Amino acid sequence: MIGKRLKKARELKEMTQQEVADETDIARTTLSKIENDIYEPSIEQLRKLIELYNVNANWLLDVGIKNDDN
């Protein structure tokens, strides 16, 4: 679930995985695994991605108030 949301956030920023890798020092292959829910990101990786994408952690983790905009 996190991977799908991270991919959506990246695409909304119109960034490639390589651009994100360059900005965050997270390997592109690791980003791919995260986006495909093969690998769970560390807290530090999540922090970097949340800051870069400027997304709400609750939305990313699918916690808090539920609505139809999932």
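General observations
- Residue check: D68 meets all listed conditions (1) among the charged types (D, E, K, R); (2) touching a helix residue (DSSP H, G or I) at 6+ places or on another chain (Cβ under 9 Å); (3) at pLDDT below 95 but one, namely (2).
- Those helices (runs of 4 or more DSSP H) of the chain in which at least 2 residues are charged (D, E, K, R), considering only elements entirely within it, cover 2-12, 17-24, 28-35, 43-53.
- Residue in the range 29-36 that is small (G, A, S) and under 11 Å from the mean Cα position of the chain (by Cα) present: yes
- In the range 1-42, of all residues being open to solvent by 30 Å² or more (accessible area, probe 1.4 Å) and among the aliphatic types (A, V, I, L, M), the one that is farthest from W59 (Cα to Cα) corresponds to A27.
The values are calculated or read from the model by the stated rules, or taken from the named source; none is laboratory data. Note that the coordinates shown come from a computational prediction; the quantities given were computed from them, not determined experimentally. Here the Cβ is made from the backbone with ideal geometry for all residues, glycine too, and neighbour counts use every protein chain on show. Only protein heavy atoms, including side chains, enter the accessible area calculation; ligands, DNA and RNA are left aside. Shrake-Rupley method; radii C 1.70, N 1.55, O 1.52, S 1.80 Å.
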